[in-house]
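Heads up, the thing below is written out as structure tokens.
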């Protein structure tokens, strides 16, 4: 099972339930307030760190120094694009 919070999706680990990771409160029939629990936050952070670590390894192993500089110079443009989405 997967949980998506603020656009970030994570697999619910074996032995956990969605209720361990997020809490929901129904205010009325039109709205549900959802909050990430500490365990859910930790799961999302661990996933984010794993993605960053994988990117760092790929950049070091597969890209030349010149290519890494090209990617670095594109960051402001990618940030601008991300803010428009």
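For the structure I just gave you, tell me whether residue 82 is loosely packed, with under 10 Cβ neighbours inside 10 Å and either on the phi > 0 side of the Ramachandran plot or at pLDDT 95 or above (or both).
Details: loosely packed, with under 10 Cβ neighbours inside 10 Å: yes; either on the phi > 0 side of the Ramachandran plot or at pLDDT 95 or above (or both): no.
So residue 82 does not fit the description; no.
How many residues, within the stretch 61-85, are in contact with a helix residue (DSSP H, G or I) (Cβ under 8 Å, 6 or more places away or on another chain) and part of a helix (DSSP H, G or I)?
Residues in the stretch 61-85 being in contact with a helix residue (DSSP H, G or I) (Cβ under 8 Å, 6 or more places away or on another chain) and part of a helix (DSSP H, G or I): 2 in total.
Restricting to the stretch 36-55, and then to whatever is touching a helix residue (DSSP H, G or I) at 6+ places or on another chain (Cβ under 8 Å) and assigned to a helix (DSSP H, G or I), can you tell me which residue is surrounded by the fewest Cβ atoms within 10 Å (Cβ to Cβ)? The selected residue is 39. Of the listed requirements (1) modelled with pLDDT under 95; (2) assigned to a helix (DSSP H, G or I), residue 58 misses just one: (1).
The values are calculated or read from the model by the stated rules, or taken from the named source; none is laboratory data. In this text, all values refer to a predicted model and were calculated from it rather than measured experimentally. For neighbour counting, all protein chains shown are included, and Cβ atoms are generated from backbone atoms with ideal geometry for every residue, glycine included.
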